[in-house]
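Engineer: Provided herewith is a single structure, encoded as structure tokens, for subsequent inquiry.
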Amino acid sequence: MRGTTRGEAGVGRGLAPHWRALLLGGAGLALTGAMVVGTLTAGSPREGGDGGVPKETADATRASLDEDPVPLASRERCDDSGEGGGFDPAESLAPSREGGPAVDRIQESGQLVVGIDQNSYRWGYRQPDDGKIVGFDIDLARAIAEDLLGPDPDIVFRAIPTDQRIGALRTDKVDMVVRSVSITCERIEQVAFSASYFETGQQLMVPRNSPITGFDESMEGQRVCSAKETTATQLLERESHGAHLMERPNHLDCLVQIQLGLAEALMTDSALAAGHIGQDPTMRLVGEELTAESYGVAMRSEDEDLVRWVNAVLASYQAGGTSSRWHASFDEWLSGYLPESAGVPPEPLYRD
Amino acid sequence: MTQPPSAPPASPPAFPAPRAEVPAGRAAPAPPPGPSAEPSGRLAAPLGCVRRLRAAFGTEPGRLRLIGLALAGLLLLFGVTTYWQSADRAEAARTARETSQPLSRNAADIYRYLADANTTAASGFLAGADEPRSVRNRYVRHIANASELLASAAGHGQDSALSAVLIARLNAELPRYTGLVETARANDRQRLPLGSAYLRYADERMQDTLLASADELYRLETARYRADLAQARSWPWLSIGLGVACVGALGWAQRRHYLRTHRVLNPGLVAATTAAGVLLLWVAGGHLMASSALQEAESGPGRALTTLSDARTEALLARGSENLTLVARGGDSTFDEEYISSMDRLLAPPDRARAGLLLLALAQTEGESRTAVKEAIGAARVWEHRHEEARRFEMEGDYDGAIRQVIGNAGSTGESFDRVNNKLTDAVDRQQRLFLDAAQSGLNWLGAMPPAAVVLVLLAAAGTARGVARPLAEYR
């Protein structure tokens with residue numbers, strides 16, 4: 001279970017007209033997207049492998065983000081009192097390896113305690129044969145630990161439930177959480193985030209032969225599953241397109257429901273969808289991304305020195321284009337499950 | 001009518017004929033003039049009948065005949081009612097022993113096998129490819145046992161629509177459950193976290209559908225067993241009332257006889273009174289015995305049995321939650337909360353609003369059962385301690401250490417759970433035997449009652465006939 005617990009402030013007010021315009025704007029894109037997926041489905045046996053957002057659609061989505069004042073996949077803005085006001089929650093502190101009390105504490109203890117997920121395929125999961133925890137999130141956590149503690153660091157991976165990601169930090173159970181946490185306005189009130197390390201958005205996911213073509217009328221009468229208390233659920237509650245909504249504790253539980261024929265579609269973010277496609281190659285993403293969200297490493301608000309240090313690590317982790325460590329990790333865990341367009345590290349935003 | 005219209009040849013005419021309207025019968029053996037109410041032409045005409053009836057009331061022999069008739073009728077009614085009511089109760093006692101008790105026990109076993117299979121499935125899942133053969137066998141055996149019992153319950157449960165529905169639901173859900181467990185295993189072997197999601201869903205189906213239905217079935221069958229027991233020991237008011245009426249009427253007849261003849265004893269009536277009295281005492285005493293034996297069984301071993309069964313179920317649920325905490329791989333903290341509340345229901349100290357089931361059981365048992373419960377409590381405390389160790393491993397990120405601590409061999413929480421489970425099963429079996437013995441002991445009194453009722457009532461009726469015929473003969 002993941003995602004934001006609140007909707008986007010930008011979409012929140014005066015929603016209906018925005019939303020409609022947004023959907024109308026996206027309809028054409030959705031259509032082309034569906035067509036592309038359709039041809040892929042028909043033509044290629046390895047469709048399951050890259051059955052994510054078709055490249056064109058994703059590119060178009062990004063393009064619309066840059067140009068359109070009413071982006072298709074709208075970004076949340078905090079303190080959004082007026083037109084274009086407020087700030088992006090993904091803005092973090094400028095990178096620095098100066099250190100401070102938090103970094104000292106970790107370096108003195110010689111141990112980094114990281115809150116992770118053990119159930120998120122391709123992001124953070126346990127390999128049953130050797131019991132090692134691996135994934136895209138885990139690579140990043142290791143990189144941070146190596147930078148802080150030197151080679152072969154002592155990392156404690158502590159599995160934490162979705163609903164305790166913030167609480168584990170605030171009660172000092174972990175030093176940081178690297179667990180596909182979206183940066184939201186609500187969360188930055190409680191914890192600090194690093195700069196973004198992955199961009200994603202909510203999207204519908206269906207089995208290969210599903211008649212559902214996107215977040216539209218094709219959902220009518222279908223059972224659509226989402227994880228409890230997530231952005232996905234909020235989106236569906238706002239506009240269900242006549243679908244029957246079903247809530248499960250975890251997005252993976254939704255995949256179980258689909259496989260058992262008890263649901264026809266699930267809504268989650270496209271990054272986690274990679275894990276679903278990895279486990280069931282007959283699943284595919286349809287329609288366009290409905291939100292734009294950033295994953296960040298969560299830390300205690302007072303550990304500003306640590307946030308800056310992690311941002312410095314991220315900057316070097318993501319530097320070097322296709323030869324960056326970020327890209328190597330993407331290649332190992334996510335390429336083949338996500339469109340190649342997703343294989344570009346996000347531009348960091350700093351507020352100072 | 002058993003009353004002889006013409007008296008048997010009264011051999012010793014020792015009785016003086018009671019004189020009509022003369023309370024103190026004189027010693028005059030003068031036979032009264034031929035009684036008007038003769039058996040001949042009894043049904044000649046309704047009018048004649050009425051006249052004769054009136055005449056019969058008018059004369060002593062007529063009254064005697066009526067009294068005899070009424071007494072015999074009352075006695076027969078007493079006998080028939082007693083036969084019917086005690087046969088009914090003996091039948092209920094037999095049903096309780098031979099049908100509803102085993103059915104209730106079957107239902108309890110179905111629940112336990114299912115819960116155990118679910119717990120074992122989670123243990124096996126945690127072990128993954130290293131699942132010991134014994135764990136797999138235990139899962140398979142419990143599923144097989146449960147479906148076997150379901151099949152036999154389906155054969156017995158025809159008489160209740162509700163239990164048939166429950167059994168049908170259980171039969172339909174069980175293969176679905178096993179399918180989910182196998183899918184979970186298959187996915188897990190492909191290294192997919194989806195396996196754990198499948199196992200959690202299987203657990204959800206087990207809790208919400210299978211165990212819920214099995215629990216309902218158990219309650220239903222137990223209620224039926226209790227109802228049979230209650231029926232077996234229900235007080236036969238009609239029979240007792242009639243018995244009291246019979247003894248009273250016989251007493252009145254003897255008093256009347258005494259007042260008229262100043263003879264203290266009429267042997268026939270005395271014999272009849274004795275027979276009726278014995279039957280009355282038997283009915284009342286037998287039911288009293290059965291009732292108090294059942295009362296004792298229910299308040300003693302029965303209550304302990306319920307507590308112990310609940311404790312065993314709670315221990316199974318705690319173990320299941322403990323396993324699923326690890327199956328969820330830290331993705332869900334509700335399982336650990338469930339474990340904690342289950343253990344609390346087992347071990348809560350007595351000063352709380354509700355004392356722990358194990359401590360209650362300790363107070364309710366004695367002898368060897370008590371020893372077993374004591375050992376179970378000790379093992380449960382060790383279990384709690386070991387569980388904390390396992391949680392600490394998990395918190396420190398040592399997932400494999402946590403798994404070893406939970407499903408390993410010596411020193412694991414699994415070892416402690418097995419010990420708790422075995423000790424409780426031992427105590428449950430003991431209490432079950434005690435309860436059955438106690439509950440059934442009282443019912444033995446009821447079994448012999450129907451034939452006794454027949455014999456004693458016939459005796460009483462014969463005595464009455466004789467007791468009435470004697471004085472009647474003296475009027476000849």
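Engineer: Regarding residue A:289, is this residue more than 14 Å from every other protein chain (Cβ to nearest Cβ), in contact with a Ser or Thr (Cβ under 7 Å, 6 or more places away or on another chain) and assigned to a loop (DSSP other than H, G, I, E, B)?
Structural biologist: Against the criterion (more than 14 Å from every other protein chain (Cβ to nearest Cβ), in contact with a Ser or Thr (Cβ under 7 Å, 6 or more places away or on another chain) and assigned to a loop (DSSP other than H, G, I, E, B)), residue A:289 qualifies.
Engineer: Report, ordered by the first and then the second residue, all pairs with beta carbons closer than 8 Å, sequence separation of six or more or different chains, a first member in region A:329-352 that is of a type in the set (Asp, Glu), and a second member that is surrounded by fewer than 17 Cβ atoms within 10 Å (Cβ to Cβ) and not in a loop (DSSP other than H, G, I, E, B).
Structural biologist: Within 8 Å, the pairs are A:340/A:55.
Engineer: Please pick out the residue among B:121, B:56 that is part of a helix (DSSP H, G or I) and either within 14 Å of chain A (Cβ to nearest Cβ) or modelled with pLDDT of 85 or more (or both).
Structural biologist: Selected residue: B:121, the only one of B:121, B:56 that is part of a helix (DSSP H, G or I) and either within 14 Å of chain A (Cβ to nearest Cβ) or modelled with pLDDT of 85 or more (or both).
Engineer: Out of everything in region A:189-203 that is farther than 16 Å from residue A:292 by Cβ and in contact (Cβ under 8 Å) with a residue 12 or more places away in the chain, what residue ends up being farthest from the other protein chains (Cβ to nearest Cβ)?
Structural biologist: A:192
Engineer: Out of the residues in region A:242-260 that are within 12 Å of chain B (Cβ to nearest Cβ) and either part of a loop (DSSP other than H, G, I, E, B) or in contact (Cβ under 8 Å) with a residue 60 or more places away in the chain (or both), state the one that is farthest from the chain's Cα centre (by Cα).
Structural biologist: A:260
Engineer: Could you look through region A:224-241, keep only residues that are under 19 Å from residue A:161 (Cα atoms) and not in a strand (DSSP E or B), and pick out the one that is nearest to the other protein chains (Cβ to nearest Cβ)?
Structural biologist: Selected residue: A:228.
Engineer: Still on this model: Which of (1) without any contact (Cβ under 8 Å) to a residue 12 or more places away in the chain; (2) of a type in the set (Gly, Ala, Ser); (3) buried (at least 20 other Cβ atoms within 10 Å of the Cβ) is the odd one out, the single condition residue B:353 does not satisfy?
Structural biologist: Answer for residue B:353: the failing condition is (3).
Engineer: Considering only region B:170-200, state which residues are part of a helix (DSSP H, G or I), buried (at least 16 other Cβ atoms within 10 Å of the Cβ) and at the interface with chain A (Cβ under 9 Å from one of its Cβ atoms).
Structural biologist: The answer is B:180, B:183, B:187, B:188, B:194, B:195, B:196, B:197, B:198, B:200.
Engineer: Let me ask something additional. Find the residue count for region B:351-390, including only residues that are at pLDDT 95 or above and on the phi > 0 side of the Ramachandran plot.
Structural biologist: 0
Engineer: Sort through B:215, B:208, B:203 and tell me the only one that's more than 14 Å from chain A (Cβ to nearest Cβ), charged (D, E, K, R) and either assigned to a helix (DSSP H, G or I) or surrounded by fewer than 24 Cβ atoms within 10 Å (Cβ to Cβ) (or both).
Structural biologist: None of the others qualify; the one that does is B:215.
Engineer: So in region A:132-147, with the set limited to residues that are of a type in the set (A, V, I, L, M) and surrounded by 21 or more Cβ atoms within 10 Å (Cβ to Cβ), which one is modelled with the lowest pLDDT?
Structural biologist: A:133
Engineer: Turning to a different aspect of this structure: Taking region B:377-401 only, how many residues are in contact with a Phe, Trp or Tyr (Cβ under 9 Å, 6 or more places away or on another chain), farther than 19 Å from residue B:357 by Cα and away from every other protein chain (no Cβ under 14 Å)?
Structural biologist: Result for region B:377-401: 1.
Every residue, every condition in (1) in contact (Cβ under 8 Å) with a residue 12 or more places away in the chain; (2) more than 26 Å from residue B:433 (Cβ to Cβ); (3) surrounded by fewer than 18 Cβ atoms within 10 Å (Cβ to Cβ), yes or no:
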| position | (1), (2), (3) |
| --- | --- |
| B:92 | yes, no, no |
| B:98 | no, no, yes |
| B:113 | yes, no, no |
| B:121 | yes, yes, no |
| B:125 | yes, yes, no |
| B:130 | no, yes, yes |
| B:149 | yes, no, no |
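Engineer: Kindly indicate whether any position in region A:78-85 is in the same structural domain as residue A:254 (by TED's automatic domain parsing), more than 25 Å from residue A:318 (Cβ to Cβ), surrounded by 14 or more Cβ atoms within 10 Å (Cβ to Cβ) and acidic (Asp, Glu).
Structural biologist: Scanning region A:78-85, I find at least one residue that is in the same structural domain as residue A:254 (by TED's automatic domain parsing), more than 25 Å from residue A:318 (Cβ to Cβ), surrounded by 14 or more Cβ atoms within 10 Å (Cβ to Cβ) and acidic (Asp, Glu), so the answer is yes.
Engineer: With a cut-off of at least 3 residues that are hydrophobic (A, V, I, L, M, F, W, C) and within 13 Å of chain B (Cβ to nearest Cβ), name the strands (runs of 3 or more DSSP E) lying wholly within region A:90-164.
Structural biologist: Counting at least 3 such residues, we get A:111-116, A:154-159.
Engineer: Which residue, of B:344, B:351, is outside any helix (DSSP H, G or I) and of a type in the set (Asp, Glu)?
Structural biologist: Being outside any helix (DSSP H, G or I) and of a type in the set (Asp, Glu) holds for just one of B:344, B:351, which is B:351.
Residue by residue, here is whether (1) over 30 Å from residue A:116 (Cα atoms); (2) without any contact (Cβ under 8 Å) to a residue 40 or more places away in the chain; (3) part of a helix (DSSP H, G or I) holds:
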position: B:384; (1), (2), (3): no, no, yes
position: B:402; (1), (2), (3): no, no, yes
position: B:419; (1), (2), (3): yes, no, yes
position: B:433; (1), (2), (3): yes, yes, yes
position: B:439; (1), (2), (3): yes, no, yes
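The values are calculated or read from the model by the stated rules, or taken from the named source; none is laboratory data. Please read all numbers here as calculations on a predicted model, not as lab measurements. As a convention, Cβ positions derive from the backbone with ideal geometry for all residues, glycine included, and neighbour counts pool all protein chains shown.
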